[in-house]
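A short write-up of the structure that comes next.
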């Protein structure tokens, strides 16, 4: 198993972090906008995730993991991964909100759980070499 230092040396990890940062900003801003207009947690999280995932897929596919593959197949795998991450993330987000955290804070709190899982699922399941 590779250490964290070895992992960070990979160009794909650095590109993944850059794309992820922009994806996070898109996701967070849309979520806060929708949730502040009394749209449910699940729908706000879904819509923000859906918009940000379009950017995320294209950036990861063509830049991070430099995919030269059948985009229909990788798109299906990516969508499957997104749905799994969205379901898990929505339940974690809802839990944090129900335990008293503001939505703005809760949306950031679940990242340490979801982010590593997302990276490894994308690298192994969707964009495997």
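Every read-out reported here was derived from the displayed coordinates using simple, explicitly stated rules and does not represent laboratory data. In this text the structure is predicted, and so the values were computed from the model without any measurement. Methodologically, a virtual Cβ is constructed for each residue, glycine included, from the backbone with ideal geometry; neighbour enumeration extends over all protein chains shown.
Which of the residues that make up the stretch 28-64 are under 18 Å from residue 126 (Cβ atoms) and buried (at least 18 other Cβ atoms within 10 Å of the Cβ)?
49, 52, 53, 56, 57, 59, 60, 61, 64
Every residue in the stretch 93-122 that is part of a helix (DSSP H, G or I) and either loosely packed, with under 12 Cβ neighbours inside 10 Å or touching a strand residue (DSSP E or B) at 6+ places or on another chain (Cβ under 8 Å) (or both), please.
If we filter the stretch 93-122 for residues that are part of a helix (DSSP H, G or I), which is where we start, we get 93-98, 103-109, 111-122.
Listed by number, the residues that qualify are 98, 105, 112, 116, 120.
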